[in-house]
Amino acid sequence: MKCELIACSRVVFSAEVEGVFTRTPEGELGILPRHAPAAFALEDTPVRLKTREGERIFKVKRGIVRVSPEGVSIFADTVEEGHA
């Protein structure tokens, strides 16, 4: 599924992924292909992306996750790669 991480109108990551894993204020969240459309709030949290090449981790500050039939979009104030 397509995944995009966007911070301040700048695309930080955009590629096909096999899964997106993060934490919302309500608890753990895992998004796999064919997930139902939904939206979730994010605070300061890691986002793990499972790709065919391995796992990539990003630190997200305040944002939202939007799941649609086209894929997953994460909009955040800031996104930094490489933080657990």
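The values are calculated or read from the model by the stated rules, or taken from the named source; none is laboratory data. As the structure is a prediction and not an experimental result, all values here were calculated from the model. Virtual Cβ from ideal backbone geometry, glycine too; neighbours counted across all protein chains shown.
Among the residues of the stretch 1-59, write down those that are part of a strand (DSSP E or B), of a type in the set (Gly, Ala, Ser) and farther than 15 Å from Ala76 by Cα.
Residues satisfying the conditions are Ala15, Gly19, Gly27, Gly30, Ala38, Gly54.
State the number of residues belonging to the stretch 54-70 that are more than 10 Å from the chain's Cα centre (by Cα) and within 16 Å of Gly30 (Cβ to Cβ).
2
Out of the stretch 31-51, which residues are modelled with pLDDT under 95 and charged (D, E, K, R)?
Arg34, Glu43, Asp44 - these are the residues of the stretch 31-51 that are modelled with pLDDT under 95 and charged (D, E, K, R).
With respect to Lys50, is the statement that it is surrounded by 14 or more Cβ atoms within 10 Å (Cβ to Cβ), more than 14 Å from Cys3 (Cβ to Cβ) and not aliphatic (A, V, I, L, M) true?
no
Does Val12 satisfy being among the β-branched types (Val, Ile, Thr), closer than 16 Å to Lys2 by Cα and touching a Pro at 6+ places or on another chain (Cβ under 7 Å)?
The answer is no for Val12.
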